[in-house]
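First comes the structure, then the notes that go with it.
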Amino acid sequence: MKIEGIHHITAITGQAQRNVDFYADLLGLRLVKKTVNQDQPNVYHLFYADEEGSAGADLTFFEFRDAAPGRAGAGMVHRIVWRLGTPDALDFWERRLADAGTEVNRHDGGVRFADFEGLEHELVVADTPDAPLTAEHPEIPAEFALQGFDAAHAYSADPQRSADLLAEGLGFSGSGSAWEARGDHRGGRWIYDEPPAQPGIQGAGTVHHIAWASEMDDHEAWRQRVMQHGARPTPVIDRFWFRSVYFREPSGVLFEIATLGPGFAIDEDPDALGEKLILPPFLEEHREEIERHLTPITNPRERAKAG
């Protein structure tokens, strides 16, 4: 039983359309599911990923309209690291981001930048056996496209507190501040950094939680295992496209274990993912009311189809 790397990372935005423009248009990810927060259905939940909507490339956002800016602090993810295939891709992204008015910090081995709300990203050339998870975009050559998650950085003043749960509960390898979750098919790194003096504030531009990938048949066993190592997981929650268990790890970060299925194509044509508002079956009867609370957004692929 192994965790198959990062499943998805969920953050907060205050402006859904600008979020779509940044992640689907500028970064070239595919908007693979336009839906709502199942616990607060008047709030968008937008999912971006590769062309197939794969776990391992799935960045999602709750839109709390006009949310105040947040600030990452202890117990929060503060940087998302993406894989690239070649050193030339770093040059491409440095130019593309700068041309779009995004401040870029080029350093040895990577490119760092933040989105329009301050959520920090890093692009690195990764030496990995994992399959690249890429999306198609008319302005981004396939060899330069983002290839899925490589790592996530979180702030912790005492990462050793999390060691038992990570190593014994979740089967991560590593120690101290640097860990890896590697399964039979995919892996992802987990890194702790010294936190800033100021406490964190949840808001626009901050990460809400990180999810780790589980095979379908192992999900309940993972719940029992993390419970044995001091976590207090929720019951299994059916999110329709995957099943979820949530808990806080000892450094304070909200973890989720999410299943590798059934997947986003269970209720939508794979060729049309993300093009219309999709609701899980238990919310469908409330569609009219839900749509009244949501601001219409335009997917760049819709604009391209319209010519």
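In the set (1) without any contact (Cβ under 8 Å) to a residue 12 or more places away in the chain; (2) within 14 Å of the chain's Cα centre (by Cα), the condition left unmet by A11 is number (1).
Residues of segment 27-83 that are out of contact with any strand residue (DSSP E or B) (no Cβ under 6 Å at 6 or more places or on another chain) and within 18 Å of R112 (Cα to Cα): L27 alone.
The set of residues from segment 26-67 being surrounded by fewer than 23 Cβ atoms within 10 Å (Cβ to Cβ), within 13 Å of the chain's Cα centre (by Cα) and part of a loop (DSSP other than H, G, I, E, B) comprises just one member, S54.
For segment 294-304, which positions are loosely packed, with under 13 Cβ neighbours inside 10 Å and part of a helix (DSSP H, G or I)? Of everything in segment 294-304, those that are loosely packed, with under 13 Cβ neighbours inside 10 Å and part of a helix (DSSP H, G or I) turn out to be R303, A304. Considering only residues that are closer than 28 Å to A98 by Cα, in contact (Cβ under 8 Å) with a residue 60 or more places away in the chain and among the charged types (D, E, K, R), which ones fall in segment 14-59? Correct list: R18, D21, D25, R30, D50, E51.
Segment 176-253 holds strands (runs of 3 or more DSSP E) entirely within its bounds, and those carrying 1 or more residues that are without any contact (Cβ under 8 Å) to a residue 60 or more places away in the chain map to 178-182, 187-193, 242-248. For I257, are the conditions met, namely being buried (at least 17 other Cβ atoms within 10 Å of the Cβ) and over 22 Å from the mean Cα position of the chain (by Cα)? No.
Using the structure shown, decide if V81 is under 17 Å from the mean Cα position of the chain (by Cα) and farther than 22 Å from D130 by Cβ.
Working: under 17 Å from the mean Cα position of the chain (by Cα): yes; farther than 22 Å from D130 by Cβ: no.
In short, no.
Does P199 count as surrounded by fewer than 14 Cβ atoms within 10 Å (Cβ to Cβ) and either out of contact with any strand residue (DSSP E or B) (no Cβ under 7 Å at 6 or more places or on another chain) or within 30 Å of M1 (Cα to Cα) (or both)? When the stated conditions are applied, P199 passes them. Of all residues in segment 1-21, those satisfying the criterion of being part of a helix (DSSP H, G or I) and closer than 19 Å to L273 by Cβ are A16, Q17, N19, V20, D21.
Each reported figure results from applying straightforward, stated rules to the coordinates on display, with no laboratory input. Treat the numbers as computed from the prediction; the structure is a model and nothing was measured. Here Cβ is always computed from backbone atoms with ideal geometry, including for glycine, and neighbour counts include all displayed protein chains.
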